[in-house]
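Enquirer: Before I ask anything, here is the structure I am working with.
The values are calculated or read from the model by the stated rules, or taken from the named source; none is laboratory data. Only a predicted model underlies this, so the values are computations on that prediction, with no experimental measurement involved. Positions of Cβ are backbone-derived with ideal geometry, glycine not excepted, and every protein chain shown enters the neighbour counts. For the accessible areas, the whole protein counts, side chains as well, though only heavy atoms, and no ligand, DNA or RNA atoms are used. Shrake-Rupley method; radii C 1.70, N 1.55, O 1.52, S 1.80 Å.
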Amino acid sequence: MRNGASAWDQLSTHSAQLLLCDLQPAIVARSKTIDPNVLNKSAGVLLEVAKLFSLPTTLSVVPEGDKTPELISKLRGSGFAQEKLRASASPFLDEATKNLLAQAQRKVLVIGGFATEAVVLHAVLDARAEGYEVLVPVDVCGGMSERTEQAALRQIIAAGTITTSVVSIATKLAPDFTTDLGRELFNILQKLRLT
């Protein structure tokens, strides 16, 4: 068995939860490895998939000066995800976030955000140390440069994490498009074609 295979093997609607970090307009705008609009759309589709399957979702945000943190447009007003404020490189250094993730009692964690080299990397390493199996959809991650993001992704993979995509995760959760749930998922995924 190769590193991280168990994360993929264990991925199900009963085992997974999402952790999306620092997906805030002023932060995502700095992405050099994915167009911020594409990241926004991919994150929005992932959130819709999470809603469809009732996957617990945590949106970890950082302060923006004296303003209330604002989420990228596709994540705003979901009424579904829980938002947690933190002031650390890793959401796992924030006890409220760490406890919220543990309370879900779901050991497959899907992590995305900006920057891959900072919050995503630290969240993945800390999640693995806490015993989570981790998947990182690269279309919901943005990096500061191709070179530094690739270095972070190599470190993420070496830690036993699987890098993947929104479509791959979604179709693993509901591979049969002839069911009502599968048809609904297919319609959600069609939004990515407009990217």
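Enquirer: So for region 88-104 (the condition being within 22 Å of L11 (Cβ to Cβ) and in a loop (DSSP other than H, G, I, E, B)), does at least one residue qualify?
Expert: Applying the first criterion (within 22 Å of L11 (Cβ to Cβ)) to region 88-104 yields 91-92, 97-98, 100-104.
Subsequent filtering for residues that are in a loop (DSSP other than H, G, I, E, B) retains 104.
For region 88-104, residues within 22 Å of L11 (Cβ to Cβ) and in a loop (DSSP other than H, G, I, E, B): present.
Enquirer: OK, next. How many residues, within region 140-166, are in a loop (DSSP other than H, G, I, E, B), in contact with a strand residue (DSSP E or B) (Cβ under 7 Å, 6 or more places away or on another chain) and not polar (S, T, N, Q)? Spell out the reasoning first.
Expert: Taking region 140-166 and keeping what is in a loop (DSSP other than H, G, I, E, B), we get 143-145, 159-161, 165.
Remaining after also requiring in contact with a strand residue (DSSP E or B) (Cβ under 7 Å, 6 or more places away or on another chain): 161, 165.
Among the residues that remain, those that are also not polar (S, T, N, Q) are: none.
Of the residues in region 140-166, 0 are in a loop (DSSP other than H, G, I, E, B), in contact with a strand residue (DSSP E or B) (Cβ under 7 Å, 6 or more places away or on another chain) and not polar (S, T, N, Q).
Enquirer: Right, something else. Given the conditions (1) in contact with a Gly (Cβ under 8 Å, 6 or more places away or on another chain); (2) β-branched (V, I, T); (3) open to solvent by 70 Å² or more (accessible area, probe 1.4 Å), which single one is not true for T161?
Expert: It fails just one condition, (3).
Enquirer: Can you find, within region 1-54, the residue that is surrounded by the fewest Cβ atoms within 10 Å (Cβ to Cβ) among those that are assigned to a loop (DSSP other than H, G, I, E, B) and under 12 Å from the mean Cα position of the chain (by Cα)?
Expert: From region 1-54, those assigned to a loop (DSSP other than H, G, I, E, B) are 1-4, 11-15, 22-24, 29-35, 53-54; that's our starting set.
From what is left, the residues that are under 12 Å from the mean Cα position of the chain (by Cα) are 22-23.
Values: D22: 25, L23: 28.
The residue in question is D22.
Enquirer: Oh, and also: Hey, L85 hits all of (1) within 21 Å of V167 (Cα to Cα); (2) surrounded by fewer than 18 Cβ atoms within 10 Å (Cβ to Cβ) but one; which does it fall short on?
Expert: Exception for L85: condition (1).
Enquirer: So which residues in region 167-193 are open to solvent by less than 20 Å² (accessible area, probe 1.4 Å), assigned to a helix (DSSP H, G or I) and under 21 Å from A43 (Cβ atoms), if there are any at all?
Expert: Keep residues of region 167-193 that are open to solvent by less than 20 Å² (accessible area, probe 1.4 Å), which gives 169-170, 174, 182, 185, 188-189.
Filter once more, keeping what is assigned to a helix (DSSP H, G or I): 169-170, 182, 185, 188-189.
Within region 167-193, I169, A170, L185, I188, L189 qualify.
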